[in-house]
Amino acid sequence: MITGITGIISDLSLYRRLIGMQLRTQVQYKVNLAVDIFTYFLVTMLEYMVIFLYFNTFQTLLGWHVGEVALLGAVVSFTFGLAELFGSGLDSFSEIIRRGEFDRILLRPVGALMQVASNEFRMRRLGRMTQGLLMFLFALHLLPALHWTFAKLLMLVFGIASGATIFVAVLLLGATLCFWTVETTELANILTYGGREVMSWPLSVYNRAFQSIFLFVVPLAFGLYMPVCYLLGRPQPLGLPDAAAFLSPLAAALFAAVAYVFWRFGVRRYQSAGG
Amino acid sequence: MAAKTTTMIETHDLSKAFRIAKRRPGLFGGMRSIVDPEMRTVSAVRDLNILVERGEMIGLIGPNGAGKSTTIKMLTGVLVPSSGKVTVAGFDPHRQRRALASHIGVVFGQKTQLWWDLPLIDSLLLLRHLYHVPAERHAENLAHMRAMLDLDEFIHTPVRQLSLGQRMRGDLAAALLHDPELLYLDEPTIGLDVVAKARIREFLLEINRTRGVTVLLTTHDMDDVEALCPRMMIVDHGRKLFDGPVTGIRERFGGERTLIAQIDPADLATLPRGGENQPIIEGLPAGVRQVPAESPQVALAFTRDALPAHELVAWLGARIRLRDVTFEEPDIEDMIRHIYEDGLLLKEEEEAVSVG
Ligand SMILES: Nc1ncnc2c1ncn2[C@@H]1O[C@H](COP(=O)(O)OP(=O)(O)O)[C@@H](O)[C@H]1O
Ligand SMILES: [Mg+2]
């Protein structure tokens, strides 16, 4: 038990050091980095403006008002940015495999996943998180009647943590596929970028089968959308009880566990690269 | 803690066959390749038996594609063997990969483990945490490596700006900071110039002698093996062709050496000419034949049993004036061809059978 805890602490401190190496590389090019973050901020801001274009023409979307959709979009954006930031290494795993660098990772006496996850840390993702944060404040301004309680604040934290965990787990699944072929990296992208897009709108715009997939298979809606419904006071999808939103961390943990088992399986049958 | 025996590496009929899926292009092709792969098998290593004692320095030599790197990957636990048994430092490498990792150091000639964009020192300091080396021990080892490998002249330079030889010195230090008992080197001298090669060989001899580190290195350069290893194994197409002492190896399998003579231009003009206007040396001793060379050079290939090298030089010098002579030793490809052609492999196997 004690060794388990000290193990985790030493892993975390190693993770911090490995990320530190990446950061030191990036800050060598300070101007580049600033431009990168700002560009990403602008791009994600443009993406987000679609919401206002829609509400320019229509008053509501299946009963949702502009402020509500804006808040949903902002939380999703921030969460996705967070996942992209911490999942950078997983996102670029196909490169690690292609360059034969995974051999080296396996030659070290520390966990492979931790090394892969800390192999990259794309600071420009801060651009998307900034955009999410700003738009969250703007959405609050559009929702003067929103009444905050402790439960709602907790739910906001749950939603962001669970959602980010599930997005990272999807990246992990995509990375694991690279053990079989490095030509399917698009597959994970469809799920992450697609998932972000889908989550940004009221779930009831999609048909029931599609809703079920995002609730129970890739539980992004369970982990992220349901907590947001809770804090907006909107009914939960598929008639689920409101309290079910409290289970969002559980859904995220389960999905992440499945992804991790799959990853372990992939590592064990890793075949290295020729040459 | 694994029991300290005198054996460092032991394999029994170690084999690796790669099943390679033929890739189909595009996203759906990629997905189909997962679900319904079209497979082809490559036998990279076949029934390899290796026994390496602690403190040995052993060379694994063979041409490209012989299975050297694959063997190393199985001996480190990176790859799971298709069949056979393997024990390294008392561990089962694939099943106990992370435990074994603390006991071994690995250097790949073509790939660095250093952080490319950062000064060398950053990598060397970080490795302490990756290998959980006690601070004092790490400081001691680092000081030692800095002195032995003269790292100080470039230790604050980003790795990407280092020459290949400097980078290799950095990689050697990186592989040894955690006091491994066993060092694997996969083509450590590839692409290096003569000076850099010599320096690395010297260092390897030194750590083998002073620290007792067992060294297994792969190469396709006979000179590496002759300079470093009392014992070597020759592999080709995944099979071991030879396992034994290095001394006398060229005599046994060496095939032909080549004498290259620079002829005095005045004498060159007097020589008769053959095909492609090549100068011809007439009346060569038995066992010597002329092979094509760039004028004004003449190349003579000869076997060791034909006559000693200095006699051939004397014989040639008595006929024409020589500006310079050099010898070319047979490379590993020549030796392997010789092993096959003369059925030497077969003889070894018969010996093994009659002994066993
Ligand atoms: N990861 C791999 N996947 C498929 N084939 C491989 C892989 N690694 C090596 N091979 C094949 O196995 C054979 C031996 O390769 P290798 O061990 O790299 O030889 P060497 O290091 O002696 O040059 C080659 O035919 C090579 O193409
Ligand atoms: Mg090789």
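The values are calculated or read from the model by the stated rules, or taken from the named source; none is laboratory data. Everything numeric here is computed off the predicted structure, so don't read it as measured data. Because the Cβ atoms are built from the backbone with ideal geometry, glycine has one as well, and the counts that use them run over all protein chains shown. Please note that ligands, DNA and RNA were not included when accessible areas were found on the heavy atoms of the full protein model with its side chains. Shrake-Rupley method; radii C 1.70, N 1.55, O 1.52, S 1.80 Å.
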Drop in accessible area of at least 30 Å² in the complex versus isolated chain, residues of the stretch A:100-114, 1.4 Å probe:
A:103, A:104, A:106, A:107, A:108, A:109, A:110
Computing the accessible area with a 1.4 Å probe over protein heavy atoms, can you report the carbon and sulfur percentage for the stretch A:2-269?
71 percent
Computing the accessible area with a 1.4 Å probe over protein heavy atoms, can you report the carbon and sulfur percentage for the stretch B:52-142?
50 percent
Provide the buried accessible surface between chains B and A in square angstrom, both chains summed, 1.4 Å probe, rounded to the nearest 100.
3400 Å²
Shielded by partner chains, the stretch A:257-272 residues - at least 20 Å² of accessible area, 1.4 Å probe, vs chain alone
A:268, A:270, A:271, A:272
Send over the semi-axes of the protein assembly as shown's equivalent ellipsoid, whole angstrom and largest first, taken as the square roots of 5 times the C-alpha gyration tensor eigenvalues.
62, 26, 25
Just report the Cα centroid separation between the stretch B:195-242 and the stretch A:113-192, whole Å.
50 Å
On alpha carbon coordinates alone, what is the Rg over Rh value for chain B, Rh being the Kirkwood radius?
1.05
Before rounding to the nearest 500, sum -39500 (n - 2.57) across all DSSP H runs of length at least 4 in chain B and divide by the residue total; then give [θ] at 222 nm in deg cm²/dmol.
-10500 deg cm²/dmol
Accessible-area composition of the stretch B:271-337, carbon plus sulfur, in percent [1.4 Å probe]
49 percent
Straight-line reach check, residue B:197, cutoff 25 Å on alpha carbons, 8 or more apart in-chain or any other chain, hits among lysines -> B:68, B:73, B:111
accessible surface per residue for the protein assembly as shown, probe 1.4 Å, DNA/RNA/ligands not counted, whole Å² -> 46 Å²
Below 14 Å, Cα to Cα, which aspartates and glutamates can residue B:85 reach? Residues fewer than 8 away in the same chain don't count.
B:10, B:13, B:47
Sequence neighbours fewer than 8 away in the same chain don't count; with that in mind, list the aspartates and glutamates whose C-alpha is under 16 Å from residue A:152.
A:68, A:242
By average Cβ neighbour count within 10 Å, what is the ranking of B:305-313, A:15-23 from highest down?
A:15-23, B:305-313
Sorting check: for B:147-156, A:60-69, which peptide has the highest mean count of neighbouring beta carbons within 10 Å, and how do the rest follow?
A:60-69, B:147-156
Please report the antiparallel percentage of DSSP beta bridges with both residues in the protein assembly as shown, rounded to the nearest 5.
70 percent
Can you list the residues of the stretch B:104-122 whose accessible area drops by at least 10 Å² going from the chain on its own to the full set of protein chains, with a 1.4 Å probe?
B:106, B:108, B:111, B:113, B:115, B:117, B:118, B:122
Can you give the helix-only mean residue ellipticity at 222 nm for chain A, where every DSSP H stretch with n ≥ 4 adds -39500 (n - 2.57) and the sum goes over all residues, rounded to the nearest 500 deg cm²/dmol?
-22000 deg cm²/dmol
Tilt relative to chain A, helix A:30-48 - C-alpha long axis, 0 to 90 degrees, to 10:
40 degrees
Mean Cβ count within 10 Å, highest first, over the residues of peptides B:323-334, A:77-88, B:106-117
A:77-88, B:106-117, B:323-334
Based only on the alpha carbon positions, what is the Kirkwood hydrodynamic radius of the stretch A:1-155, in angstrom?
18.3 Å
Tell me, what is the Rg over Rh of the stretch B:118-258, with Rh the Kirkwood radius over Cα pairs?
1.02
At 0.890 mPa s and 25 °C, Stokes D of the stretch A:2-269 from Kirkwood alpha-carbon radius, µm² per second
125 µm²/s
Please report, to two decimal places, log10 I(q)/I(0) for the stretch B:256-328 at q = 0.18, 0.22, 0.26 Å⁻¹ as given by the Debye formula with identical point scatterers on the Cα atoms and no solvent.
-0.63, -0.97, -1.38
